[in-house]
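The structure appears below as structure tokens.
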Amino acid sequence: MQSVLERSDPERRKEVSAGTVLIAEGARSNRLFVLAEGSVEVLRGETQVAVVSEPGSLFGEMSVLLDLPHTATVRALSRTTVHVFDDAVSVLRSDPEIALQIARTLAQRLNAATTYLVDLRRQYGGATNHLGMVSDVLASLIHNQEPEFKPGSDRQPDRAL
């Protein structure tokens, strides 16, 4: 994603101190962030999902593309520099190169998740306990092409919407 950094206007650069929340889970911002320097943590609830320090890493793209509240909190772990796109939808519509880079990043993430699920399916596909559900989860992810994303589950839909 270094090319997104190279295409970003230097006026979009913003320095933040450790502890600054860039994205709040459940909020809507229509912002896209690109990490230039430093490190951030990604949290779902109180659970740390990832620590990211790779320049060019993106944050906020899922919320922008799905037109939904942010699914995670992103907080600076150190003094951090990001490029901020305040009207991300307009940026994606006007700059196909950035849109393509985001699509590639999302495709890489999906490929990694699918590869992991296939590996689990091979290991536990015949299991009669909860691990046997992996096959159903994988089939659902691969074949479910709903026209509109709906968060939550049938048992407990997301009430925030």
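The values are calculated or read from the model by the stated rules, or taken from the named source; none is laboratory data. Bear in mind that the values here come from a model prediction, so they are computed numbers and not experimental data. Virtual Cβ from ideal backbone geometry, glycine too; neighbours counted across all protein chains shown. Quick note on the areas: whole protein, heavy atoms, side chains included, nothing else; ligands and nucleic acids left out. Shrake-Rupley method; radii C 1.70, N 1.55, O 1.52, S 1.80 Å.
Within this structure, residue 60 fails the test of being small (Gly, Ala, Ser) and exposed (fewer than 15 other Cβ atoms within 10 Å of the Cβ).
Tell me whether the range 72-83 contains one or more residues that are touching a strand residue (DSSP E or B) at 6+ places or on another chain (Cβ under 8 Å), at pLDDT 80 or above, among the aliphatic types (A, V, I, L, M) and open to solvent by 60 Å² or more (accessible area, probe 1.4 Å). Taking every residue of the range 72-83 in turn, at least one turns out to be touching a strand residue (DSSP E or B) at 6+ places or on another chain (Cβ under 8 Å), at pLDDT 80 or above, among the aliphatic types (A, V, I, L, M) and open to solvent by 60 Å² or more (accessible area, probe 1.4 Å). All of (1) in contact (Cβ under 8 Å) with a residue 24 or more places away in the chain; (2) open to solvent by 50 Å² or more (accessible area, probe 1.4 Å) hold for residue 131 with one exception: (1). Tell me the residue from 87, 67, 95 that is open to solvent by 20 Å² or more (accessible area, probe 1.4 Å), closer than 15 Å to residue 12 by Cα and at pLDDT below 95, please. Residue meeting the stated conditions: 87.
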